[in-house]
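Asks: Structure incoming, see below.
The values are calculated or read from the model by the stated rules, or taken from the named source; none is laboratory data. Predicted, not measured: the structure shown is a model, and the values here were computed from it. Every residue, glycine as well, gets a Cβ built from its backbone with ideal geometry; the counts of neighbours run over all protein chains shown.
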Amino acid sequence: MRLSSTSAVRKLAATMRSFHLTFAAVGRHALFPTERARRAAVRALGRVAGAWIVLFAIVDDHVHVVVLCEEERVGRLARAIVLALRPVASAALEPAFVRPVRDRGHLESLVGYVLTQQAHHGLAEHGALATGSCYRDLLGARLVPGLTLRIGQALPRFRLREACRHVALPEVELCPVTLDVVRAAGAARVVAAASAALAVAPELIGNAAEVVEVRRAAVQLALTSGIHLAEMAHALGIGVGTARRLAVREVAEPVLRAIRLELALEAAVGAAAGLAAPCEPRA
């Protein structure tokens, strides 16, 4: 008798378990020393393992990835991640060190362990804003192709507020900034937020599909918030005519929402540090 689709899903879920994978640089050299390289590493993870990733952290000389998959798949995933990271890494990678996650308590402890990697290693980036942190992805402030963190499946009781304290933020729901705040932020900050929200190299060089997507999203958010098209074109380093053409094709609402959440996250980090919120509307 053939299993129904629901039964098949349940059977598959019963065979899955979590694993903690660690990838270290040979000689502990810096793996991704530039912002371009770090964003490329995040996109590489999404491309080859995004459907199985629960959590991840990319720090200076190593990478942590927690996955939820069948036991027979974990070795293939580990090799695929090494192969995907190798072209964008500045140092060779050791083979993955794979450890099974023992139980729910172990997995819950890994949430804090992974989210506090920047602080644990004394790195300058704030844990919530570090490119190598998955906090943005948990929040919805970053959309990486292929990456759908499976923390809800691995930890059904997980709530985002639990992650807030690990990155030194108040345990409150963070909402996308208003269009007034977007306008006050200005064109340059919107461009920076758009590239961060889509994990695209901040230089926005060339016409690759992901670069064009950032430009299009920035232009459309500018138009809806009241930022002048000429100002946005200047911030993007393109002509006004090109900017106008980018506005023709609609951008998906989740992309625009992610950019507004990125601006909200930047403001929240600034407020938590006692700095003036960078996106507050001008009086």
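Asks: Taking residue 165, is it modelled with pLDDT under 95 and in contact with an Asp or Glu (Cβ under 8 Å, 6 or more places away or on another chain)?
Replies: When the stated conditions are applied, residue 165 passes them.
Asks: Under 7 Å between Cβ atoms, at least 6 apart or on separate chains: pull out the pairs that start in the range 143-164 with a residue that is in the same structural domain as residue 52 (by TED's automatic domain parsing) and end on any residue that is surrounded by 14 or more Cβ atoms within 10 Å (Cβ to Cβ) and polar (S, T, N, Q).
Replies: From the range 143-164, the pairs are 154/18.
Asks: Now, a different point. Hey, any hits in the range 93-110 for a residue that's in contact with an Asp or Glu (Cβ under 8 Å, 6 or more places away or on another chain), in the same structural domain as residue 55 (by TED's automatic domain parsing) and surrounded by 14 or more Cβ atoms within 10 Å (Cβ to Cβ)?
Replies: No, the range 93-110 contains no residue that is in contact with an Asp or Glu (Cβ under 8 Å, 6 or more places away or on another chain), in the same structural domain as residue 55 (by TED's automatic domain parsing) and surrounded by 14 or more Cβ atoms within 10 Å (Cβ to Cβ).
Asks: Looking at the range 96-125, which of the residues that are assigned to a loop (DSSP other than H, G, I, E, B) and at pLDDT below 95 is nearest to residue 149 (Cα to Cα)?
Replies: Checking each candidate, the answer is 125.
Asks: While we're looking at this one, here's another question. From the list 54, 48, which one is assigned to a helix (DSSP H, G or I), within 23 Å of residue 143 (Cα to Cα) and within 21 Å of the chain's Cα centre (by Cα)?
Replies: Exactly one of 54, 48 is assigned to a helix (DSSP H, G or I), within 23 Å of residue 143 (Cα to Cα) and within 21 Å of the chain's Cα centre (by Cα), namely 48.
Quick grid of which residues meet (1) small (Gly, Ala, Ser); (2) modelled with pLDDT of 95 or more; (3) over 21 Å from residue 34 (Cβ atoms); (4) within 22 Å of the chain's Cα centre (by Cα):
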residue: 200; (1), (2), (3), (4): no, yes, no, yes
residue: 204; (1), (2), (3), (4): no, yes, no, yes
residue: 210; (1), (2), (3), (4): no, yes, no, yes
residue: 220; (1), (2), (3), (4): no, yes, yes, yes
residue: 230; (1), (2), (3), (4): yes, yes, yes, no
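Asks: Here is a follow-up. Taking residue 269, is it farther than 20 Å from residue 43 by Cα, buried (at least 22 other Cβ atoms within 10 Å of the Cβ) and touching a residue at least 60 places away in the same chain (Cβ under 8 Å)?
Replies: no
Asks: Is it the case that residue 174 is touching a residue at least 60 places away in the same chain (Cβ under 8 Å) and in contact with an Asp or Glu (Cβ under 6 Å, 6 or more places away or on another chain)?
Replies: no
Asks: Would you confirm, using the coordinates I've provided, whether residue 37 is touching a helix residue (DSSP H, G or I) at 6+ places or on another chain (Cβ under 8 Å), within 21 Å of residue 128 (Cα to Cα), in a helix (DSSP H, G or I) and not assigned by TED's automatic domain parsing to the domain that holds residue 204?
Replies: Answer is yes for this residue.
Asks: Output the qualifying pairs, or none if there are none: Cβ atoms under 7 angstrom, residues six or more apart or on different chains, first residue in the range 98-112 and under 11 Å from residue 19 (Cα atoms), second residue modelled with pLDDT of 95 or more and in a helix (DSSP H, G or I).
Replies: 98/74; 98/78; 101/107; 101/110; 107/154
Asks: Continuing with this model, one more query. Can you work out which of the residues in the range 151-164 that are loosely packed, with under 14 Cβ neighbours inside 10 Å and within 18 Å of the chain's Cα centre (by Cα) is nearest to residue 270 (Cα to Cα)?
Replies: The residue in question is 161.
Asks: Search the range 83-137 for residues being among the β-branched types (Val, Ile, Thr) and more than 20 Å from the chain's Cα centre (by Cα), and hand back the single one that is farthest from residue 200 (Cα to Cα).
Replies: This residue is 101.
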